[in-house]
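What follows is a single structure, written as structure tokens, with notes after it.
The values are calculated or read from the model by the stated rules, or taken from the named source; none is laboratory data. Because the structure is predicted, anything quoted here is derived from the model rather than measured. Here Cβ is always computed from backbone atoms with ideal geometry, including for glycine, and neighbour counts include all displayed protein chains.
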Amino acid sequence: MKLKKGYVLRELGGEFIVCPEGLDVLDGGRMFSLNEPAAFLWRQVGDSDFTEETLYQLLAEEYDVPEHTAREDIASLVKVLEEFGVVEE
């Protein structure tokens, strides 16, 4: 999967917000927030293709978190990204 173009991660007052830009705003794109680890992953994958395994590896390298917890968190993040329509195959 890959992050769709037209969405940008911004830090506002210590919060991480994903905002649509350009025509995506007109098409009803919605803003949503990410926690710090999710924002870290967003920045790491950028325009690259990635899988849930890629996200897990990046998270495990940066944060000290049990594997089970990390994999659950990654699955939740991917679900949110899909629900908001910011990823594509």
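Numbers at a glance
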item: The range 59-89, residues that are in contact (Cβ under 8 Å) with a residue 12 or more places away in the chain and assigned to a helix (DSSP H, G or I); result: Leu59, Glu62, Ala70, Arg71, Asp73, Ile74, Ala75, Leu77, Val78, Val80, Leu81
item: Val25 being under 15 Å from Val86 (Cβ atoms), among the β-branched types (Val, Ile, Thr), modelled with pLDDT under 95 and in a helix (DSSP H, G or I); result: yes
item: Condition broken by Ala38, with the remaining ones in (1) modelled with pLDDT under 95; (2) in contact with a helix residue (DSSP H, G or I) (Cβ under 7 Å, 6 or more places away or on another chain) satisfied; result: (1)
item: Test: residue in the range 52-68 that is within 15 Å of Leu3 (Cα to Cα), surrounded by 11 or more Cβ atoms within 10 Å (Cβ to Cβ) and in contact with a Leu (Cβ under 7 Å, 6 or more places away or on another chain); result: yes
